[in-house]
Amino acid sequence: MDINGWLKEQMVSAEAYDADALLENFLNEMEKGLNGESSSLAMIPAYVGIDGRVPIDTPVAVIDAGGTNLRIGIARFDTAGSLHLSHFSKQPMPGRDRELTAAEFYAVLVDALAPLKNEFEQIGFCFSYPATILPDYDGRLLHWTKEIKIPELVGKHIGAGLLAAMEARGITGKQIVLLNDTVAALLAGMAQGQAFNAASYIGFILGTGTNTAYVECNENIGKLDGYLGTGAQVINVESGGFAAFRRGPFDLQLDARSENPGGHVFEKTISGVYMGPLTLELLQALIPEGIFSDGGAAAFSIMKNLSTIHIDNLAADNGRDVDVLGFEAFTDADREIMKTVFAAVVERAALLTAVNIAAAVVKGGAGQDPEHPVCINIDGSTYYKTHRLAEQVQTHLKNLLGARGLHARCIQVDDAPIVGAAIAGLTTFRL
Ligand code: BGC
């Protein structure tokens, strides 16, 4: 059987897509979202200054509510601009494994902050979910993504809820700025970008979920709600919501079974929480083709879940945990098929990711001068750890930008969400 041909028919193949046409669709959706027309891209203005100076040696509390983990602690910058972290705790993101109430969620945050209450006044809250940012720097959750289940919080002001929960425990006088993790990544990239004279900035995340923030500079910005009047406006694209592209039957099936059917469908083709499950659906659909050993077919038919990490470890042959894929029931030939299918999932994800990033570069309107490239801070375990993903993204990106005479430089900043949240916490209330 021609597995790659079959995958292409299912749209799970980079070859099933036309990158230039997709880029046009992305740009159209961005423009519509900015203009308040119906669009799959939320295009949320962020209330952050992009020229604020960061006070040194001042402690700030940081909450990093990511897709997989919740990290809370104290951060401060030293005179050299290095970030120092202390009192950090890390635990699984609440609401991922089971449904929680809002009170249970806030109790987790307050438990972590309470012992630190005398160490900080401001909190930089990196919230990796779609939230409309309000003039008081709080955010209202639009909907959950990444399979998080805390339904009471949808539509609620997340920072205000935390302040109230802290007050109920006697912790008063604190201020919170809530920002998306891509906005945090954009801010965190600025120090490196300034050092190479970057013309503009992008924060891109590909981890459990995916998203992009960029700096909008055209005449549109005067019309935006969060416009600060500095001549530029950071926009959280919510690019995981992009829907102006064709999906295959298995994408639709995965979407239908997810916590938010019909929502964030782009994310469901490229991000860490979905690539493994999509691969499993494809493998299970191949059982009737008779290409697996009997034992392998039987093992797949009862498999309930396949994590991206485990199939990726198998694909990379890195000697790490492959979980159920290591069962003796599977033959080497079965494992080769697994690798072929996952490679196609990754190749498609790489092309779509490059289109997404290129659209942000084009829309930002900078980067024509090679001496002043656009600085793209990329964060996220899926981007960096998935076998052969980053190199393929870079190849596509080079082609897409090169054809348009645009220049960009991709960078990586350790702990970008925490760095960005600390910058926002330290600068926002001083602007
Ligand atoms: C969320 C975004 C977030 C992204 C990356 C998506 O699921 O909607 O707000 O930036 O994941 O963490």
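Only the coordinates and a few stated rules stand behind these numbers; no lab work does. What you see is a predicted model; the values in this text were computed from it and never measured. Cβ: placed from backbone, ideal geometry, glycine included. Neighbour counts: every protein chain shown.
Shown here: the chain, whose C-alpha atoms stretch 65, 51, 41 Å along the first, second and third principal axes, sorted largest to smallest. Here the dipole of segment 279-431 is about 760 debye; that uses its Cα centre as origin and unit charges on the Cβ of Lys and Arg (positive) and Asp and Glu (negative). Shown for Ser258, Ser86, Ser128, Ser38: other C-beta atoms within 10 Å of each C-beta, ranked fewest to most, produce the order Ser38, Ser86, Ser258, Ser128.
Counting other Cβ atoms within 10 Å, keep those with at most 10, restrict to DSSP loop, and tell me which GluC sites (Glu not before Pro) in segment 313-399 are left. Intermediate results must be reported in sequence, preceding the final value.
Working: sites: Glu328, Glu336, Glu347, Glu371, Glu391; in loops: Glu328, Glu371.
Taking segment 313-399 and a limit of 10 other Cβ atoms within 10 Å, the loop GluC sites (Glu not before Pro) found are Glu328, Glu371.
Report summary: the helix-based calculation at 222 nm, which adds -39500 (n - 2.57) for every DSSP H run with n ≥ 4 and divides by the residues of the chain, gives -12000 deg cm²/dmol. For the pair Val154 and Glu9, a Förster radius of 35 Å applied to the C-beta separation gives a FRET efficiency near 0.40, rounded to the nearest 0.05.
Taking the Cα centre of segment 101-258 as origin and assigning +1 to Lys and Arg Cβ atoms and -1 to Asp and Glu Cβ atoms, the resulting dipole is close to 260 debye.
Residue exposure proxy: Thr340, Thr427, ordered by other Cβ atoms within 10 angstrom of their Cβ from fewest to most, comes out as Thr340, Thr427.
A DSSP coil position with no more than 12 other Cβ atoms inside 10 Å describes the following trypsin sites (Lys or Arg not before Pro) in segment 50-112: Arg53, Arg98. Using a cut-off of 20 Å between alpha-carbon atoms, which aspartates and glutamates can reach Lys156, once sequence neighbours fewer than 8 places away in the same chain are excluded? The qualifying aspartates and glutamates are Asp64, Glu99, Glu104, Asp136, Asp138, Glu147, Glu167, Asp181, Asp225, Glu238, Glu259. Relative to the longest principal Cα axis of the chain, at what angle does helix 389-402 sit, 0 to 90 degrees, rounded to 10? Between the helix axis and the principal axis of the chain, the angle is about 70 degrees. Along its first, second and third principal axes, ordered by size, segment 22-131 spans 48, 41, 21 Å in Cα coordinates. Think of each Lys and Arg Cβ as +1 and each Asp and Glu Cβ as -1; about the Cα centre, that makes the dipole of segment 344-431 roughly 200 debye.
Taking the longest Cα principal axis of the chain as reference, the axis of helix 332-364 is set at about 40 degrees.
Note on the chain: dipole from Cβ charges, positive end direction compared against Gly193, Tyr129, Gly425; the farthest Cα belongs to Gly425.
Projecting the Cα atoms of Phe300, Phe342, Ala360 onto the charge dipole of segment 277-371, computed from C-beta unit charges around the Cα centre, puts Ala360 farthest toward the positive end.
Rounded to the nearest whole Hz, the Karplus-based 3J(HN,Hα) values (6.51 cos²θ - 1.76 cosθ + 1.60, θ = phi - 60°) of segment 286-300 follow the sequence 7, 3, x, 6, x, 8, 9, 5, 4, x, x, 4, 5, 5, 5, with x at glycine and proline. When the chain is described by a simple charge dipole with +1 on each Lys and Arg Cβ and -1 on each Asp and Glu Cβ, the residue from Ala285, Thr58, Met93 located farthest towards its positive end is Thr58. Residue exposure proxy: Leu282, Leu187, Leu252, Leu163, ordered by other Cβ atoms within 10 angstrom of their Cβ from fewest to most, comes out as Leu252, Leu163, Leu282, Leu187.
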